[in-house]
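Rule-based calculations on the coordinates, nothing more; no lab input. All values derive from a computational prediction rather than experimental measurement. Backbone-built Cβ (ideal geometry, glycine too); neighbour counts: all protein chains shown.
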Amino acid sequence: MSYQLTNKINQNSVNKKFNPALFVWFALGITLLGVSSTDIYVSSLPQMAKDFNASPNLVNLTISFYTLAMAVSVLFTGILSNRFGRKKTILAGVLAFTLASFLIGASNSIHMVIFFRIIQAIGCGFLAIVPRLVLKDTMNAKEQVHATGILTMGIVLSPAIAPSIGAVLAEYWGWRSCFDLSGIGGIIMLIIGYFIIQETNTTPIKQLKSLLHYTKDYFSLLKDQVCVYLTVFNAFTFAIYFVFIGISSYLFIDTLQMTPLIYSYLFIIIAMGYFAGNSLMMILNKRHFTPIKIMNIGIYTSLIGLIILISSVILANKSAIIISVTTGVIIMRAASALIIAPAQVKILEHFKERGALALGMSSAMQFACASIAISLVAIFHSSALYGLIGVSIMFFVPTIILMRKLRQLFA
């Protein structure tokens, strides 16, 4: 990664020992850890259904309840870090994630797995929001876009390697070993984080206000047209990939008779799409493209991917279907990289001192929509291809309308 973090930190408000480059690498690690907690066992979903004698809909709740818990968690993590500090909240999140990972591996019922996945998600909510606030504390908008691009490499690396690792672990030691590995990773990041993280919030609030107060604050954000458009736009874009996550194992393994290991290799290819989109986003940012222009390119790119995905319904050959679906998803993943990071930075830039609150609401909406997407697409597990296409269209169409509104607002 050639980008150099040469930001100018205000030495009066930020600890002089803070090393932005080192922190970004650590943040990349915990991002990878959090994202991989789902990617690592996605190829085991059909096997988990058999082991627990549970329906695919019930097993998919381990993902949809996870994303729903994330949606709630991210609403308050920024607020808690404003009170207790960035370092303490990040470490608390890693600790909760780690303990939950080991408990999932020891669970003897699908309901226990779902419960501890919720706890795991709450911890992961801290990892999703607070590192971004550290970047906000120490960098300007352009530097944040670059640093966020580096952090999202965790989103690239996880689907590239975690499903394959998980498939191998599941084959030789069972799917429970996937969560044990997540727990071990959590212990390592907890130790590293203790020494790496420096406190960047030097003006913490003295005490938390009532839940009603924060609820009113969130609702007040909804009065801002820019916030509403950016939040919903980002959330629907984010949810499209979770449509694929929720149904792909049933499509490729059950319907198209692909082995779990070969299925996991597809994620490496799909991850390259996100890497390409993320790289393009960083290039466009260096060339002074505005976030709105980058997002607009992302929308047209996503449309191309969706058209290719839809074309798979007219194909009869299994190999042709696999190629068509995978190609469409790759292009749509590239498009999401062009959209999500610039949209998040635009939200932070627009709200300034209320950025933590706005980012929390935006992230909550992302995970809430992802949870809905997973639950909806699971209904079509017996007609997986049509479910994938139909629910993807449902989430994509509103983004075209919202992008037009955003172009008008920022014209």
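Miscellaneous remarks
- Relative packing of 191-200, 41-50, which averages over residues the other C-beta atoms within 10 Å, highest first: 41-50, 191-200
- FRET efficiency for the ILE262 to THR290 pair, using the beta carbon distance and R₀ = 30 Å, is estimated at 0.10.
- Mean Cβ count within 10 Å, highest first, over the residues of peptides 328-337, 157-166, 95-104: 328-337, 157-166, 95-104
- Helical content of the chain, expressed as a calculated mean residue ellipticity at 222 nm, amounts to -27000 deg cm²/dmol (DSSP H runs of 4 or more residues, -39,500 (n - 2.57) each, divided by residue number, nearest 500).
- Separation in nanometres of the label points that stand 7 Å from Cα toward Cβ, at ILE393 and LEU99: 4.7
- With the cut-off at under 18 Å, measuring from each backbone N in the stretch 200-231 to a point 7 Å along the Cα-to-Cβ line of ILE401 picks out 225-231.
- Summing Lys and Arg as +1 and Asp and Glu as -1 over all other residues whose Cβ lies under 15 Å from the Cβ of LYS216 gives a net charge of +1.
- Centre separation in Å (Cα based) which lies between the stretch 246-314 and the stretch 203-232: 32
- Applying Stokes-Einstein at 25 °C and 0.890 mPa s to the Kirkwood radius of the chain, computed over alpha-carbon pairs, gives a translational diffusion coefficient of 115 µm² s⁻¹.
- Each of ILE314 and ASP217 was given a label point 7 Å from its Cα along the Cα-to-Cβ line. The distance between the two points is 5.3 nm.
- Fully extended contour minus Cα-Cα distance, from ILE192 to ILE323, at 0.36 nm per residue: 43.1 nm
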